[in-house]
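To start, the structure under review is shown below, and the notes come after it.
The values are calculated or read from the model by the stated rules, or taken from the named source; none is laboratory data. Owing to the predicted nature of the structure, the values given are computational and were not obtained by experimental measurement. Here Cβ is always computed from backbone atoms with ideal geometry, including for glycine, and neighbour counts include all displayed protein chains. These accessible areas exclude ligands, DNA and RNA; they are computed on the full protein's heavy atoms, side chains included. Shrake-Rupley method; radii C 1.70, N 1.55, O 1.52, S 1.80 Å.
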Amino acid sequence: MQINRRGFFKVCAGGMTGTTLAALGFAPTEAMASVRQYKLPRAKETRNNCTYCSVGCGVLMYSLGDGAKNAKPAIYHIEGDPDHPVSRGSLCPKGAGLVDDIHSEGRLKHPEYRAPGSDKWQRISWDDAIDRIARLMKADRDADFERVNAVVNRWLTTGML
Ligand code: SF4
């Protein structure tokens, strides 16, 4: 409910505090706006995409740490990016919980490789992982790419998750 500033102070003088009135919805817009604060003051904002599925919703990630040498960056809040052309600020429950995924103790942070027949995973570098993936994909494509006709050209032996 909207009341003007004069009415707001009259009611306050009658016994109710301004906070109580505001909580009940009896506050002028200007009064509420003047005390409202940006909810993520001094945060660093970074744009990214949700990594859970192929929809690729946009996220805004807020982290502590302003680049000073004694500040350790840490993401503490994630929300939908209203400017993202795919999701326009929306996130499903998985995307809305991304901050927990980032801080999960079980999160994999480095590429790992398991040799054929082995029961052990070994850590490898990003360069080694990307080189290996590229080499195997190229070999598979060269071996199995089908040129059926002028319209249908396909590569059916590789998929991605
Ligand atoms: S927020 Fe949900 S729908 Fe969007 S990319 Fe993430 S998992 Fe997919």
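Filter the range 85-105 down to the residues that are near the ligand (Cβ under 10 Å from one of its atoms), part of a loop (DSSP other than H, G, I, E, B) and open to solvent by less than 40 Å² (accessible area, probe 1.4 Å) and list them by number.
Result: 87, 97.
Is it the case, given these coordinates, that residue 107 is of a type in the set (Lys, Arg) and farther than 30 Å from residue 79 by Cβ?
no
Examine the range 111-123 for a residue that is closer than 24 Å to residue 54 by Cβ and in contact with a helix residue (DSSP H, G or I) (Cβ under 9 Å, 6 or more places away or on another chain), and state whether such a residue exists. First the steps, then the outcome.
Of the residues in the range 111-123, the ones closer than 24 Å to residue 54 by Cβ are 111-112.
Now drop any that are not in contact with a helix residue (DSSP H, G or I) (Cβ under 9 Å, 6 or more places away or on another chain), which leaves 111-112.
Scanning the range 111-123 turns up at least one residue that is closer than 24 Å to residue 54 by Cβ and in contact with a helix residue (DSSP H, G or I) (Cβ under 9 Å, 6 or more places away or on another chain).
In the range 50-84, how many are charged (D, E, K, R) and away from the ligand (no atom under 13 Å from the Cβ)?
Initially, the range 50-84 is screened for residues charged (D, E, K, R), giving 66, 69, 72, 79, 81, 83.
With the extra rule that they be away from the ligand (no atom under 13 Å from the Cβ), the set shrinks to 66, 69, 72, 83.
Residues in the range 50-84 being charged (D, E, K, R) and away from the ligand (no atom under 13 Å from the Cβ): 4 in total.
Checking residue 129 against (1) more than 26 Å from residue 157 (Cα to Cα); (2) out of contact with any helix residue (DSSP H, G or I) (no Cβ under 8 Å at 6 or more places or on another chain); (3) surrounded by 14 or more Cβ atoms within 10 Å (Cβ to Cβ), which single condition isn't satisfied?
(1)
Taking the condition of being open to solvent by less than 90 Å² (accessible area, probe 1.4 Å), of a type outside the set (Ser, Thr, Tyr) and under 21 Å from residue 51 (Cβ atoms), how many residues in the range 133-161 meet it?
Let us first name the residues in the range 133-161 that are open to solvent by less than 90 Å² (accessible area, probe 1.4 Å), namely 134, 137, 139-140, 143-146, 148-149, 152-153, 155, 157-159.
Narrowing further to those that are of a type outside the set (Ser, Thr, Tyr): 134, 137, 139-140, 143-146, 148-149, 152-153, 155, 159.
Imposing the further condition that a residue be under 21 Å from residue 51 (Cβ atoms) reduces the set to 134, 137, 159.
Counting residues in the range 133-161 that are open to solvent by less than 90 Å² (accessible area, probe 1.4 Å), of a type outside the set (Ser, Thr, Tyr) and under 21 Å from residue 51 (Cβ atoms) gives 3.
Can residue 56 be described as open to solvent by less than 80 Å² (accessible area, probe 1.4 Å) and at positive phi? It would help to see each step written out before you state the result.
Values: open to solvent by less than 80 Å² (accessible area, probe 1.4 Å): yes; at positive phi: yes.
The answer is yes for residue 56.
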